[in-house]
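First the structure, in the form of structure tokens, and then the observations on it.
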Amino acid sequence: MIREETVFGPIKSRRLGNSLGINLMPVNGKICSFDCIYCECGWNRDGRDDTRLPTADEVHEALETKLLRMKAEGTPVDSFTFSGDGESTLHPDFPRIIDDTIALRDRYFPSAKVSVLSNATQVHRKEIFDALCKVDNPIMKIDAPTNEWIQKINHPAPGYDVARVIEALKQFDGDFVLQTMFLKSRDFDSSTPEVLCGWMDIVRLLKPREVMVYTIDRPTPEEGLQKFTVEEMRSLLDPLIREGFHVQIKG
Ligand code: SF4
């Protein structure tokens, strides 16, 4: 499902309250440095009809228009979440858009939190890391512990190296959220000891302030994927929970 707006919502959620989504990708397309087998936007190859990114000015205008309307209606905004049809940090003006969003948040809804959902492929770039440090919740994805496993679940663009991503994430000094999808496909299973133990070692190394684990919720581009129940995930994550990590599980 491709979102057709640059600013969408608000979506009501128990955790985030009234959340506005910000999509920095084309209104009728998908651009990502991953091509995950579970991506709710579909395969990259099916989202190439439109490749025009919104400019920073257009994002600013769309966001301010929405915020003015919500103010006038008396609807509160509790959070802003960058989570579009692809990878927001690939937008060439991502740092400026973050600055603009924080300025608009401060002007209209100063208590709202800004979150960025990212696949962490660009975090080694200083300007991207610096921008991510300004938001309340940089939520960074690592689904598996080795390049070989990541190839099976995320299909990264050439040049991806999980070791480089881990090195880059160390710069947060634990002040970030790690997000991980748990699923089973024909050649990948998050619960096998080699995947699970390797991933847990990454968690122990990076010490994120929160670990968000979730499973499939919507139709996926690859068929036949299996989800985990909340109980199964809780049991798999029990060692980390007992070690004191803040683990959030979404079924
Ligand atoms: S990183 Fe996110 S947007 Fe990119 S393919 Fe994976 S799920 Fe889709």
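A short reminder: the numbers here are calculations on the coordinates, not readings from a lab. Since the structure is predicted, the reported quantities are computational estimates derived from the model, not experimental observations. Note that each Cβ is placed from the backbone with ideal geometry, even for glycine, and that neighbours are counted across all protein chains shown.
Spin-label pair Arg96-Lys250: with each label point 7 Å from Cα along the Cα-Cβ axis, the two points sit 3.1 nm from one another. May I ask you to list the residues of region 105-133 whose amide nitrogen lies under 16 Å from a point 7 Å from Cα along the Cα→beta-carbon direction of Glu73? Under cut-off, by backbone N: 109.
By the Cβ distance rule (another cysteine Cβ under 4.7 Å), the unpaired cysteines of the chain are Cys32, Cys41, Cys133, Cys197. Label zone of Glu210 (point 7 Å out along Cα→Cβ, amide N under 15 Å): in region 77-105 this covers 78-82.
To the nearest ten degrees, helix 230-242 and the longest principal axis of the Cα atoms of the chain are 80 degrees apart. Counting Cα-Cα pairs of region 147-251 in 10 Å increments starting at 0 gives whole-percent bin shares of 13, 45, 36, 6. Taking Lys and Arg as +1 and Asp and Glu as -1, the other residues whose beta-carbon sits under 14 Å from that of Pro156 total -2. Per residue, the average separation of C-alpha pairs within less than 8 Å and at least 6 apart gives the chain a relative contact order of 17 percent.
Taking 17 Å as the cut-off, the amide N atoms of region 1-38 that come nearer than this to a point 7 Å along the Cα-to-beta-carbon line of Thr55 belong to 6, 24-27.
The magnitude of the dipole of the chain, with charges of +1 and -1 set on the Cβ of Lys/Arg and Asp/Glu and taken from the Cα centre, is near 520 debye.
Give, as a single signed number, the net charge of other residues whose beta carbon lies under 12 Å from the beta carbon of Pro26, with Lys and Arg counted +1 and Asp and Glu -1. Net charge in that neighbourhood comes out at -2. Sorted on the mean count of surrounding Cβ atoms within 10 Å across their residues, most packed first, peptides 224-232, 26-34 read 26-34, 224-232. Every Cα-Cα pair of region 7-250 was included, and the share exceeding 32 Å stands at 19 percent. Label sites at Glu194 and Asp173, each approximated as a point 7 angstrom past Cα along Cα to Cβ, lie 3.7 nm apart. Peptide packing for 235-247, 109-121 was compared via the average number of neighbouring C-beta atoms within 10 Å per residue; ordered from the highest value, the list is 109-121, 235-247.
Taking every alpha-carbon pair under 8 Å whose residues sit at least 6 apart, region 28-104 reaches a relative contact order of 39 percent.
With both labels modelled 7 Å from their Cα along Cα-to-Cβ, the Thr65 to Gln151 distance reads 4.6 nm.
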